[in-house]
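Below you'll find the structure, written out as structure tokens, and then a few comments.
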Amino acid sequence: MSFKTILVAGASRGIGLAVAEHLIDQCDRLLAVSRTVAPVGEWVQADLSDLAGIETVARAVGNDCLDALLYMGGTWETDAFTSQYSFEACSDMRTLFA
């Protein structure tokens, strides 16, 4: 299966880098989002714990539709990975997908 655009957040090292390396040949455009240099794909330097970083990513995506968004970084949301967590209620992330 081939994808047009995939975004991997946390793509500079660890599991995020391994995932990005695996997906690079399966898409036309891989956006590798991280605070430090990502050695694969189109690096987007951004800190997603900050609204300015989210806006940077939104600009980098531009008018493309994402076929996949993989968040491989740490967590910053209150209640993340609990039954109280709601992605839709996270106001900063809604900016990225508006």
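Taking the Cβ of Leu7 as the center, what net charge do the other residues with Cβ under 10 Å away carry, scoring Lys and Arg +1 and Asp and Glu -1?
-2
Around Leu30, what is the net charge, scoring Lys/Arg as +1 and Asp/Glu as -1 over all other residues with Cβ under 14 Å from its Cβ?
Summing Lys and Arg as +1 and Asp and Glu as -1 gives -4.
Taking the Cβ-Cβ separation of Asp28 and Leu51 as r and a Förster radius of 41 Å, what is the calculated FRET efficiency to the nearest 0.05? Intermediate values should be presented prior to the final figure.
On the way: r = 29 Å, r/R0 = 0.70.
Efficiency for this residue pair is about 0.90.
If packing is taken as the average number of other Cβ atoms within 10 Å across a peptide's residues, how do 59-72, 33-46, 14-27 rank, most packed first? The partial results should precede the final answer.
Numbers: 59-72: 13.5, 33-46: 18.1, 14-27: 16.2.
Highest to lowest by the protection proxy: 33-46, 14-27, 59-72.
Here, each number is a calculation from the coordinates, and none is a lab measurement. What you see is a predicted model; the values in this text were computed from it and never measured. No Cβ is skipped: glycine too gets one built from the backbone with ideal geometry, and neighbour counts run over all protein chains shown.
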